[in-house]
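The values are calculated or read from the model by the stated rules, or taken from the named source; none is laboratory data. Please read these numbers as outputs of a predicted model, since none were measured by experiment. Here the Cβ positions follow ideal geometry from the backbone for every residue, glycine too, while neighbour counts run over all protein chains shown. For the accessible areas, the whole protein counts, side chains as well, though only heavy atoms, and no ligand, DNA or RNA atoms are used. Shrake-Rupley method; radii C 1.70, N 1.55, O 1.52, S 1.80 Å.
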Amino acid sequence: MTFGTPHRHFRRVGSTNTVARELAAAGAPHGTVVTAAEQTAGRGRQGRTWTAPPGSALLYSAVLRPIEPRHSVLPLAVALAVCETAEALRPGVECKVKWPNDIHLDGRKLAGILIEARPQDGWAVLGVGLNLTIAADEFPEELRDRATSLFDPSSAVPYGPVGTIRNSWAEGAAKGLSGRLAVWLDADAEEVLGAWRERDALRGREVSWEQGSGVADGVDERGYLLVRLADGDRVALGAGDVHLTGF
């Protein structure tokens, strides 16, 4: 079955991840996709909220089943698919990944990923929020110097009403992301790690977390962040174990 089928789209929904989880629990097949023009209760990692004006972002969740050994670096594989989707939509840009789940463009957050897995039931939901046409003043004030969008909404004017163009871009982004996920979810872990390391936005940068600080030094074979400490030792940090406060 083609990844991205079936595809359920909503004008307005609480959270595409919540809907996808309900579908997965009810037996929805691998590759089922849920999208929405607007979310009222979008979620990010560690309890954060995800907000976007209606029709201005790709709000996307997909069902993966079964979970297999090659999915040991699943967050990294999804990040690669999101990067390639954005670059295909806007040729000439280059995306980086800020470990563990943020996609950056020119040093600002372009997209986020939230994966919710039920290994005991053999499935996971892959949630992606990709900013497409959010104007600078549409971001929450606290994010305006840290977030960005793939397109400037004003650039859509020659092609028709912004709402129409926004919907068109989101539709194309959903199809593109389904295609790239089909590729990267089938790749082996070594291939994923190699490609991800080329997009590593943190390597060589100072990072800090609740228990310490150091210099980011890539990721290990599990996808854990490696940090070199002042004494030369290295520690490996799991995404669920720390909250980075640097960069």
### Message
Any residue at all in the range 32-50 that's open to solvent by less than 10 Å² (accessible area, probe 1.4 Å), touching a residue at least 12 places away in the same chain (Cβ under 8 Å) and part of a loop (DSSP other than H, G, I, E, B)?
### Response
yes
### Message
Given (1) open to solvent by 50 Å² or more (accessible area, probe 1.4 Å); (2) within 11 Å of Leu150 (Cα to Cα); (3) not polar (S, T, N, Q), identify the lone condition not met by Ala117.
### Response
(2)
### Task
Inspect all residues belonging to the range 21-28 and state whether any of them is within 10 Å of Ala62 (Cα to Cα), buried (at least 20 other Cβ atoms within 10 Å of the Cβ) and not aliphatic (A, V, I, L, M).
yes
### Task
Can you tell me which residue within the range 152-172, out of those that are surrounded by 19 or more Cβ atoms within 10 Å (Cβ to Cβ) and under 20 Å from the mean Cα position of the chain (by Cα), is modelled with the lowest pLDDT?
Arg166
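Give Ala57, Ala86 a once-over and let me know the one that is closer than 20 Å to Gly179 by Cβ, under 17 Å from the mean Cα position of the chain (by Cα) and either open to solvent by 50 Å² or more (accessible area, probe 1.4 Å) or at pLDDT below 95 (or both).
On the way: Ala86 fails: either open to solvent by 50 Å² or more (accessible area, probe 1.4 Å) or at pLDDT below 95 (or both).
Result: Ala57 is the single residue among Ala57, Ala86 that is closer than 20 Å to Gly179 by Cβ, under 17 Å from the mean Cα position of the chain (by Cα) and either open to solvent by 50 Å² or more (accessible area, probe 1.4 Å) or at pLDDT below 95 (or both).
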### Task
Pull up the range 230-247, narrow it to residues that are surrounded by 13 or more Cβ atoms within 10 Å (Cβ to Cβ) and not small (Gly, Ala, Ser), then point me to the one that is modelled with the lowest pLDDT.
Phe247
### Message
Tell me yes or no: at least one residue of the range 14-24 is under 24 Å from Ala136 (Cβ atoms) and polar (S, T, N, Q).
### Response
no
### Message
Going by what's in this entry, would Arg144 be described as without any contact (Cβ under 8 Å) to a residue 24 or more places away in the chain, open to solvent by 10 Å² or more (accessible area, probe 1.4 Å) and not polar (S, T, N, Q)?
### Response
yes
